[in-house]
Amino acid sequence: MWIVWTLLYWFALVVFTIIFSILALFATFIDPGGNSAHQVARLWGKTLLLFSGVKVELSGDMESIKSDKSYIFMANHQSAFDIFALLAGLPIPFRWVAKEELFKIPIFGPSMRRAGYIPINRNNPRDAIKSLNEAARRIHEGVSVVVFPEGTRSEDGKLLPFKSGGFVLSIKSGAPIVPTALIGTFEIKPKGRFWVHPKTVTILLGAPIETKSYKTRDKETLKEIVFNTLQNLLSEKREK
């Protein structure tokens, strides 16, 4: 049966990505900076999960997540299905923090800007500071974001060391960090694999970690706290 789900997934990935990309493009013109593009992306994620036979369940400290506050959701990254699951399962609208190179792609890049996605320059230290300050301002104005602090997908499902950018961003913005454990996506489709093996993905939210008392010089301490918290969430769920 997983062969059928694999074929359905790749069909849906090509066809519905084109369809929803066009819809999202129009949404960014109609509602620039608003949540319309996110709603289109959310429907795209749900559609791909449906065609893959994958279900998503949300658990954890959901009572602490308030719709009128902005958060930085920091999630482990082990599969392309992380993106679909987060779009479908997170309870509040959010924007992605993405590398600046993506914003230079014709049509696609300007659409990302209009949708409110946040570019981060990883190559030039001076430009990186500027982009982090701009991103912090956007978050301070009420935009929640998702960050993969590992910076890339894990090839064995284990948590990789965290990069510092997301923690500098959280300190500058003062937004709480929500450790977000994704369980099950690695087993569905690891990095570089073709086949899809459907199962239920769990998004386990940890308690928000306040960052207002931290200074930029404390980023390593904050990084360690979030890493340990996320590691514990992953271990706790897998042991059940």
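The values are calculated or read from the model by the stated rules, or taken from the named source; none is laboratory data. No experiment lies behind these values; they were computed from the predicted model shown. Backbone-built Cβ (ideal geometry, glycine too); neighbour counts: all protein chains shown.
Structure notes:
- Number of the condition not met by Ala128 [criteria: (1) assigned to a strand (DSSP E or B); (2) surrounded by fewer than 19 Cβ atoms within 10 Å (Cβ to Cβ)]: (1)
- Total residues in region 22-32, condition under 14 Å from Arg113 (Cα atoms) and surrounded by fewer than 15 Cβ atoms within 10 Å (Cβ to Cβ): 4
Conditions tested, residue by residue: (1) modelled with pLDDT of 85 or more; (2) acidic (Asp, Glu); (3) out of contact with any Phe, Trp or Tyr (no Cβ under 6 Å at 6 or more places or on another chain).
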| site | (1), (2), (3) |
| --- | --- |
| Gly116 | no, no, yes |
| Ile120 | no, no, yes |
| Asn123 | no, no, yes |
| Ala128 | no, no, yes |
| Arg137 | no, no, yes |
| Pro149 | yes, no, no |
| Leu159 | yes, no, yes |
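- Counting the residues of region 54-79 that are within 21 Å of Thr185 (Cα to Cα) and either in contact with a Cys (Cβ under 6 Å, 6 or more places away or on another chain) or hydrophobic (A, V, I, L, M, F, W, C) (or both) gives 8.
- Residue check for Leu25: within 27 Å of Lys158 (Cβ to Cβ), among the hydrophobic types (A, V, I, L, M, F, W, C) and not in a loop (DSSP other than H, G, I, E, B): no
- If you check Gly166, Gly184 for being touching a Lys or Arg at 6+ places or on another chain (Cβ under 6 Å) and under 28 Å from Ser21 (Cα atoms), only one passes: Gly184.
- Residues satisfying the stated conditions in region 40-91, i.e. acidic (Asp, Glu) and surrounded by fewer than 16 Cβ atoms within 10 Å (Cβ to Cβ): Glu57, Asp61, Glu63, Asp68
- Scanning region 55-107 for residues that are modelled with pLDDT of 85 or more, in contact with a strand residue (DSSP E or B) (Cβ under 6 Å, 6 or more places away or on another chain) and farther than 21 Å from Leu233 by Cα returns Phe94, Arg95.
- Selection of helices (runs of 4 or more DSSP H) fully inside region 139-240 by the criterion of at least 1 residues being within 19 Å of Ile72 (Cα to Cα) and aliphatic (A, V, I, L, M) returns 165-173, 219-239.
- Answer from Val178, Val201, Val196 - the residue that is touching a residue at least 40 places away in the same chain (Cβ under 8 Å), closer than 23 Å to Pro93 by Cα and in contact with a helix residue (DSSP H, G or I) (Cβ under 6 Å, 6 or more places away or on another chain): Val201
- Of the set (1) more than 23 Å from Arg193 (Cα to Cα); (2) outside any helix (DSSP H, G or I); (3) touching a residue at least 12 places away in the same chain (Cβ under 8 Å), all apply to Lys66 but (3).
- Filtering region 202-217 to residues that are exposed (fewer than 14 other Cβ atoms within 10 Å of the Cβ) and over 21 Å from the mean Cα position of the chain (by Cα) leaves Lys212, Ser213, Lys215, Thr216, Arg217.
- Count of residues meeting criterion [in contact with a strand residue (DSSP E or B) (Cβ under 9 Å, 6 or more places away or on another chain), closer than 18 Å to Ser235 by Cα and crowded, with 21+ Cβ neighbours inside 10 Å] in region 173-201: 9
- Of the residues screened, Trp5 is one that is in contact with a Pro (Cβ under 6 Å, 6 or more places away or on another chain), closer than 23 Å to Lys191 by Cβ, modelled with pLDDT of 90 or more and not charged (D, E, K, R).
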